[in-house]
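Reading through the structure tokens given below for one structure.
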Amino acid sequence: MATERVRRSPRVNRGTVLRKERVTPHMIRVVIGGEGLAGFGAGEFTDHYVKLLFAQKGVDYPEPFDMDRIRAEYPRDQWPVTRTYTVRSWDPDAVELAIDFVHHGDKGLAGPWAARVEPGEEVLFLGPGGAYAPSPDADWHLLVGDESALPAIGAALERVPDGTPARVFIEVEGPEEEQKLPAPAGAEVVWLHRDGGPVGDALVRAVRDLEFPDGTVHAFVHGEAGFVKDLRRHLRVDRGLPLDRLSISGYWRRGRDEDGWQSSKREWNRQVEEEEAKALS
Ligand SMILES: Cc1cc2nc3c(=O)[nH]c(=O)nc-3n(C[C@H](O)[C@H](O)[C@H](O)COP(=O)(O)OP(=O)(O)OC[C@H]3O[C@@H](n4cnc5c(N)ncnc54)[C@H](O)[C@@H]3O)c2cc1C
């Protein structure tokens, strides 16, 4: 007998904004809590992420909020808009989830939301997903990213064992955007400043110029898709890194909102992989 498979939507978490702070002029930490987060299962990975749900203007959703009903009863263009954010920290005892938002200007949904949200506001989100944590087997770690990957790099540094070398390159606009990060013995953190230049150029230069320490590396490289593509090619083709030693992806794309980037990502990745396969053959 054929069984019909019903695709259930992922669990929707319902939290409340408890407080927020400006970590730096353009990085806003929003702390979310409330009973709806009890049992939120983050912890295994350091790149855990959630998908915040933003209501479409003028659309009323069922109460209580039900993603299955929305998918069944509402046209696709009325579903809530999602924005993806790293779990900077999750404290199951205090039931507090911290997310660091880049406030990249007035454009977009999530950045401006973080700038204006006040304690007490409800937040709905899916997740957590995640896939990477610094491997305890690695001889050294390479962590590279722009501001959007800074929360994941901060979380990763909390798990790099003392004494294991870590080369960390973080690109921000200027010195005012540097922040205090966990500093395990063996980690060298280099802050690179864009100073109005293109996103990621300084990161590509820094990794190309790096003299790799001996031994097996575990690398984490994320941020704007253009520089991530350049670095993927460099690490895979010039440095010969196998894919299982590399967590690498574009978190966002210059000139595209998240919806636009996500819908073109599959084709983007296909081209990257095709070019890479040619270069490696
Ligand atoms: C797994 C994962 C984890 C992520 N974690 C974080 C995180 O912890 N913190 C974080 O801030 N971001 C994170 N991002 C990136 C974030 O999802 C995107 O930056 C997203 O586009 C922001 O949504 P928005 O509504 O603010 O802007 P959108 O509406 O998506 O975009 C509006 C405009 O702003 C531009 N833009 C988007 N992001 C940036 C940026 N960072 N700098 C400059 N211009 C930008 C777009 O290109 C577009 O032109 C993560 C992404 C992924 C896939």
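Report yes if W261 is in contact with a Phe, Trp or Tyr (Cβ under 8 Å, 6 or more places away or on another chain) and farther than 23 Å from F212 by Cβ, otherwise no. Considered against the rule, which asks whether it is in contact with a Phe, Trp or Tyr (Cβ under 8 Å, 6 or more places away or on another chain) and farther than 23 Å from F212 by Cβ, W261 comes out as yes. Taking residues in the stretch 21-45 that are modelled with pLDDT under 95, and partners anywhere that are open to solvent by 50 Å² or more (accessible area, probe 1.4 Å) and in a loop (DSSP other than H, G, I, E, B), the pairs with Cβ atoms closer than 8 Å and at least 6 places apart or on different chains are F40/P92; G43/P92.
Conditions tested, residue by residue: (1) open to solvent by 50 Å² or more (accessible area, probe 1.4 Å); (2) without any contact (Cβ under 8 Å) to a residue 40 or more places away in the chain.
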position: R76; (1), (2): yes, yes
position: H103; (1), (2): no, no
position: G127; (1), (2): no, no
position: S135; (1), (2): no, no
position: L157; (1), (2): no, yes
position: P165; (1), (2): no, no
position: I170; (1), (2): no, yes
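Flag not set for Y61, criterion: within 14 Å of the ligand (Cβ to nearest atom), among the aromatic types (F, W, Y) and either open to solvent by less than 50 Å² (accessible area, probe 1.4 Å) or part of a loop (DSSP other than H, G, I, E, B) (or both). So, in the stretch 186-205, how many residues would count as being touching a Ser or Thr at 6+ places or on another chain (Cβ under 9 Å) and surrounded by fewer than 18 Cβ atoms within 10 Å (Cβ to Cβ)? So the count comes out to 1.
The values are calculated or read from the model by the stated rules, or taken from the named source; none is laboratory data. Remember, predicted model here, so these are calculated numbers, not experimental data. Don't worry about glycine lacking a Cβ; one is built from the backbone with ideal geometry, like all the others, and counts go over all protein chains shown. Each accessible area value is taken on the protein alone, full model and side chains, heavy atoms only, with ligands, DNA and RNA left out. Shrake-Rupley method; radii C 1.70, N 1.55, O 1.52, S 1.80 Å.
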